[in-house]
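Right, one structure below, let's go through it.
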Amino acid sequence: MKKNQQTKKRKKIVYDLICCKEYQPMRAKDLAVLLQVPAGKREELHEILDMLLKEGKITVNKRGKYEAVRGSKKEQEKEEKKGKRDKKEKKKKETQKYLIGIFAGHAKGFGFVELLDENGEDIYIPEEETGGAFHGDKVQVALKKENKPGKRREGRVIKILERGTREIVGTFQESAGFGFVVPDNQRFLRDIFIQKENFLGARNQDKVVVEIRDYGTRKRSPEGKIIQVLGNSEEKGIDVLSVAKSCGLPMEFPEKVLNQAERIRESLNEGDFYGRLDLRDVPMVTIDGEDAKDLDDAVSLSKEGNLFHLGVHIADVSNYVQYSSALDREALKRGTSVYLVDRVIPMLPKKLSNGICSLNAGEDRLALSCLMDIDEKGKVVSHGIAETVIHVNERMTYTDVKKILRKEDQQLAERYRELLPMFFQMEELSALLRKRRKKRGAIDFDFPESKIELDENGKPVRIYPYEQNVATRIIEDFMLAANETVAQEYAQAGIPFVYRTHDTPDMEKMEPVLELVHRAGVKVKKSKEEIRPKEVQKILKELEGKDSEDFFSRLILRSMKQARYTTECTGHFGLAARYYCHFTSPIRRYPDLQIHRIIKENLRGKMTEAKMSHYEEILDEVARQSSAMERRAEEAERETVKMKKAEYMESQIGETFEGVISGVTDWGLYVELPNTVEGLVHVNSLMDDYYVYDSAHYTLTGEKKKRSFAIGQKVKVRVAQADARERTVDFVLAD
């Protein structure tokens, strides 16, 4: 009986979708993607479609795409009249205030609009109100009148002002006399029609870049022209390249930019040191990952009594990248370096990022240094910022420093004998800084990163969690101290600046999460007032050691707002910091490069009223562009990791693993393995029982056997299916 109800419910969902006026005829596999049906359970969708076909409610056209069966002419006219009435009613309910923003599509059809002229929550756009907008389009939005305070705002796209996507990356599918490009990015829901004369030699299943010539209508597919054939999807690196191209990442530098980089001298002379503080005799090191090549921060430390003298020395990239030059314009356009699984897409050409701007050991380099005096309580009691010339003694790695501090390698300790006292002082100071930060309420979400090792053919051969160690924490603590110190000086001076801010969470979003945490047995002080960082810190402390720790920690993190760049110093909630900026990575982040220019103007006494006005005029756009490019980079990095995880699990089909239930939905259980791979155990694979989903407690319980599954529970699973293209992994229970 329960199963029949479930089938009836699913039939209604599928039929309502196909009958929707915005629906474009599509094949079963595209419907499966839109409905997010797991790859291993597509047969259920086919059964639902077959039922609807037999009932005469839907039909299949010549291209194998499903459509709703049209009613009589009288019924159609009736529907049209009803549609017009509904449209008028909607217009009455909307305000006359039109807002402008960027449309972000979702694989399920709906979307969000991020506003350009105000802060706050994005506007939710239902599927039927997208107005034909593509992901990335600049649109005009009308808000609905019934939006209630504290609830997410909802609206409709009334006009497309500017198309944000001219090119789309996808898989070419050839038919007789024509073809289609199926977009890789699932935010683009419609295939692009390609006439035969626009194939550009592409073969079936090639990865291609298509230029959109016509965005189509509700009844007609978009049309385009293939402008680049990336190669067959099986070739090395084509999969990652496709993701990068799909996210709009620039793969090559313009010739003008490269020529400008080539003209920069690779060495320094005494004239370059004029007016700079000479710190070449101060012992200092860089500490980075083994494979890092763009070394933009060095550290020095000495101790007198109870006072630490910490130096954070940052590459003076602004000395080589002049404002509004070709290099600068390209850096702003890119916003950030992007670190994908098999390559780095740098913000600056390698001639700079790996050369004269990199703080390579044994080389004289220009730097901007934050010199701090820190007491035994971890408080910065005085500081200075100076243009300097430095000379790094050693290029250290996190692994080697960790081994030295944990006394795991006597040979290493002997090799760096002269630096040992500094390393142990660094560990001591790091602990003081961390303790002080924790005392004020800073939140530490310590999730391990996924590290993916590839073979010579670009295939994943190992995936493992890469966790922080004592050395990574030392550098993190020192960089945070410098970032806060610099931000405080310029905020208090009232000089135009770019800050890194993180707003207080909306309690409407946080309240349901706190309720779930409370039900899990964790003490929570619930209030409709703003939550404080220290309260979140206490909750995370209470969760430590519980099976549900990772799940609730991620849930709390997702309920918070996203950090961004702003020209107002509104503080950083996650760090419990009143002042914060990004100062320490000008090689790979544009905001850091921008504020270095401001700092140098100020140090040289050139921050005139005209200069202040200039920066006030340009910095809002710098902050907006930098935030947008950061999100683009994060999306590309996330998608390539998901893809390679799924590809790795394709080679593990049939293998059994022990994992932890990381999520529960009415579709089934999400299970995370020790190597950080997450997959879905579909509810229909849970034997011959009917399972009930309890959304309030995140549990799934069988009605016959009364077997329950909950967040944090350990289970054994077998890999049933994996699909790198769709970034999905399916498990079945093995016990």
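Observations on the structure shown:
- Restricted to the stretch 404-514, the set of helices (runs of 4 or more DSSP H) holding at least 1 residues that are surrounded by 19 or more Cβ atoms within 10 Å (Cβ to Cβ) comprises 420-440, 470-493.
- Gly605 vs. criteria more than 21 Å from the chain's Cα centre (by Cα), within 25 Å of Ala367 (Cβ to Cβ), surrounded by fewer than 22 Cβ atoms within 10 Å (Cβ to Cβ) and among the small types (Gly, Ala, Ser): yes
- Looking across the stretch 347-396 at every residue that is of a type in the set (Ser, Thr, Tyr) and surrounded by 17 or more Cβ atoms within 10 Å (Cβ to Cβ), the one that is nearest to the chain's Cα centre (by Cα) is identified as Ser353.
- Glu235 over 27 Å from the mean Cα position of the chain (by Cα), surrounded by fewer than 15 Cβ atoms within 10 Å (Cβ to Cβ), without any contact (Cβ under 8 Å) to a residue 60 or more places away in the chain and farther than 30 Å from Asn393 by Cα: no
- Filtering Leu249, Leu295, Leu268 for residues that are touching a Leu at 6+ places or on another chain (Cβ under 6 Å), within 30 Å of Thr584 (Cα to Cα) and either surrounded by 13 or more Cβ atoms within 10 Å (Cβ to Cβ) or among the charged types (D, E, K, R) (or both) leaves a single hit, Leu295.
- Conditions (1) in contact with a strand residue (DSSP E or B) (Cβ under 9 Å, 6 or more places away or on another chain); (2) not in a helix (DSSP H, G or I); number of the one not met by Lys546: (1)
- Within the stretch 673-716, the set of residues being free of Cβ contacts under 8 Å to residues at least 12 places away in the same chain and on the phi > 0 side of the Ramachandran plot comprises Lys706 only.
- In the stretch 48-65, the residue that is surrounded by the fewest Cβ atoms within 10 Å (Cβ to Cβ) out of those that are assigned to a helix (DSSP H, G or I) and in contact (Cβ under 8 Å) with a residue 40 or more places away in the chain is Met51.
- Taken together, the residues in the stretch 444-482 that are touching a residue at least 60 places away in the same chain (Cβ under 8 Å), in contact with a helix residue (DSSP H, G or I) (Cβ under 9 Å, 6 or more places away or on another chain) and within 30 Å of Glu387 (Cβ to Cβ) amount to 7.
- Residue list for the stretch 532-554, restricted to those being among the β-branched types (Val, Ile, Thr) and in contact (Cβ under 8 Å) with a residue 40 or more places away in the chain: Val536
- The criterion of at least 1 residues that are β-branched (Val, Ile, Thr) and farther than 24 Å from Asp137 by Cα is met, among strands (runs of 3 or more DSSP E) falling completely within the stretch 170-244, by 223-232.
None of the figures in this text is laboratory data; all of them are computed from the coordinates on show. As the structure is a computational prediction, the values presented were derived from the model and not from experiment. Note that we place each Cβ from the backbone using ideal geometry, even for glycine, and neighbour counts take in every protein chain shown.
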